[in-house]
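The values are calculated or read from the model by the stated rules, or taken from the named source; none is laboratory data. What you are looking at is a predicted structure, and each value in this text was computed from that prediction instead of being measured. Note that each Cβ is placed from the backbone with ideal geometry, even for glycine, and that neighbours are counted across all protein chains shown.
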Amino acid sequence: MESDIADPSLAEAGRARIRWAGRAMPVLATLGERFRGQRPFAGAGIAACLHVTAETAGLVRLLTTGGGRVRLAASNPLSTQDDVAAALAAEDGVTVFARAGEGLDSYEAHIRMALGDEGPAGGTGPAGGTGPARPSAARQPGPDLVIDDGGDLIDMLHRHRPDLLSGVRGGCESTTTGVTRLRRMAAAGRLAFPVVAADVSATRRMLDNFSGTGQSVLDGLLRATNLLLAGRVVVVAGYGPCGAGIAERARGLGAQVIVTEVDPVRALRAALNGFRVLPMTQAASIGEVFITATGNRDVITGEHLALMRDGALLANAGHFDVEIDVRALAGAAAEVTPGIRPHADEYLMPDGRRLILLAEGRVVNLVAAEGNPAPVMDLSFAVQALALAWLAGGQAGLEPGVHDVPRQVDLEVARLELESMGVRIDTMTPVQDEYLSAWRRG
């Protein structure tokens, strides 16, 4: 099967971008040396639905170094870097189905192609083409392993290619949204194979969600607006690992931060960490900048939009573009001015107020910026690669459903990360080990 990408001539520019990201990804480099000898994915077909970025290229290369054959589709068309897609498509063992800005039909067709459906005649197609791929009746062998970002690939696999399910050994899901979807599938008895919830990894939540997303979301917001956050009232909807990171960094830049929550435990944590906690109906009239990070829909609705002050900025950090009710915003507007700045659209309300929507309500750090920094994705992708290698090793008796990342994976990733930072830690003595394993005092 040939790749379906925008422009193969961009490959050299993509390779330069991949090399730059690779300089900041020492853990994947270490695992590459290990996987080259161990070949944990030897002969395995791996279907992947991920953000097609320079950092993701490090994971794809690691999987092929370990012997896998990767078919990659984009998990968000607006985050696809066409030069990276071209560079990966030129490598042995990698087939790419992704174009920046493609429509929904093409996006779904590319996911089906990653699962084995044949693509349109002509492979890569014309440079800059954005038309939907047209799968034919011809199909490739199905995947042995899957790796997903948001759950769309695994959902498509179950709905569109149930004939392939028996051949899938397992998968890995990297987002909170995707894990939530898969838990619902498992509860309904519909998930046909084991999936490791990489998002629940302790190391990943600590670095990727809190530090990485916390920084990159504000990076996207500032690139799109050139706003001074100091003194502004910033409303962060959701105080999970991502929302907490966003709130802390906004406070660090001098913003007055309000948190909205539906979970009393998380709301209590936010209050004890010094944030003002309010319902969205109260925060809507106070806030100047709104950032959603909940993984749920209708967090900001027409009711809230009607209360917002002139010039309010709306940004979403959740995986899907459902957290801000963009339809309600468009329906209420008297006039829309798209692109008043890159990735910023102005909605003029009948009463004269202007509301600014960033990144079309899509995930702002990947649309208006470059996503999480490479060192963050180094650790995150290391968790996913080791979890996938664990599944590829044939975990006897592992039932279909959602499974936590094995503790040994978290410990190994943390150890490799500390080594790359030049940090050393203590080890317990045999006496200490014995003391902790005994129940008698002594």
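What the table shows:
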| quantity | calculated |
| --- | --- |
| Contacts under 7 angstrom Cβ, first residue in the stretch 179-202 being in contact (Cβ under 8 Å) with a residue 60 or more places away in the chain, partner among the small types (Gly, Ala, Ser) and in a loop (DSSP other than H, G, I, E, B), 6 or more apart | Thr180/Gly295; Leu182/Gly151; Ala198/Ser174 |
| Residue among Glu412, Glu434, Glu399 that alone is of a type in the set (D, E, K, R) and in contact with a Pro (Cβ under 8 Å, 6 or more places away or on another chain) | Glu399 |
| Strands (runs of 3 or more DSSP E) fully within the stretch 300-394 counting 1 or more residues that are in contact with a helix residue (DSSP H, G or I) (Cβ under 9 Å, 6 or more places away or on another chain) and among the hydroxyl-bearing types (Ser, Thr, Tyr) | 344-348 |
| Considering residues of the stretch 95-110 that are touching a residue at least 60 places away in the same chain (Cβ under 8 Å) and buried (at least 22 other Cβ atoms within 10 Å of the Cβ) only, the residue nearest to Leu78 (Cα to Cα) | Arg99 |
| Within the stretch 142-180, tally of residues that are among the small types (Gly, Ala, Ser), farther than 16 Å from Ile111 by Cα and touching a helix residue (DSSP H, G or I) at 6+ places or on another chain (Cβ under 9 Å) | 2 |
| Criterion: touching a Phe, Trp or Tyr at 6+ places or on another chain (Cβ under 6 Å) and surrounded by 20 or more Cβ atoms within 10 Å (Cβ to Cβ) - qualifying residue of Val234, Val259, Val179 | Val259 |
| Flag if Glu33 is within 29 Å of Arg415 (Cα to Cα) and of a type in the set (Asp, Glu) | yes |
| Selection count where residues are closer than 30 Å to Gly178 by Cα, without any contact (Cβ under 8 Å) to a residue 60 or more places away in the chain and part of a helix (DSSP H, G or I), scope the stretch 395-440 | 6 |
| Residue list for the stretch 248-257, restricted to those being within 17 Å of Gln282 (Cβ to Cβ) and under 25 Å from the mean Cα position of the chain (by Cα) | Val257 |
| Neighbours by Cβ (under 8 Å, 6+ apart or cross-chain): first from the stretch 311-323, more than 16 Å from Ala368 (Cβ to Cβ); second aromatic (Phe, Trp, Tyr) | Ala312/Phe290 |
| Meets criteria (more than 17 Å from Gln140 (Cβ to Cβ), buried (at least 24 other Cβ atoms within 10 Å of the Cβ) and touching a residue at least 24 places away in the same chain (Cβ under 8 Å)) for Val84 | yes |
| Count - residues of the stretch 106-156 that are within 17 Å of Glu2 (Cβ to Cβ) and at pLDDT 50 or above | 17 |
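Conditions tested, residue by residue: (1) in a helix (DSSP H, G or I); (2) within 20 Å of the chain's Cα centre (by Cα); (3) closer than 22 Å to Ile154 by Cα.
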site: Phe41; (1), (2), (3): no, no, yes
site: Arg61; (1), (2), (3): yes, yes, yes
site: Ala85; (1), (2), (3): yes, yes, yes
site: Arg99; (1), (2), (3): no, yes, yes
site: Glu108; (1), (2), (3): yes, yes, yes
site: Met113; (1), (2), (3): yes, no, yes
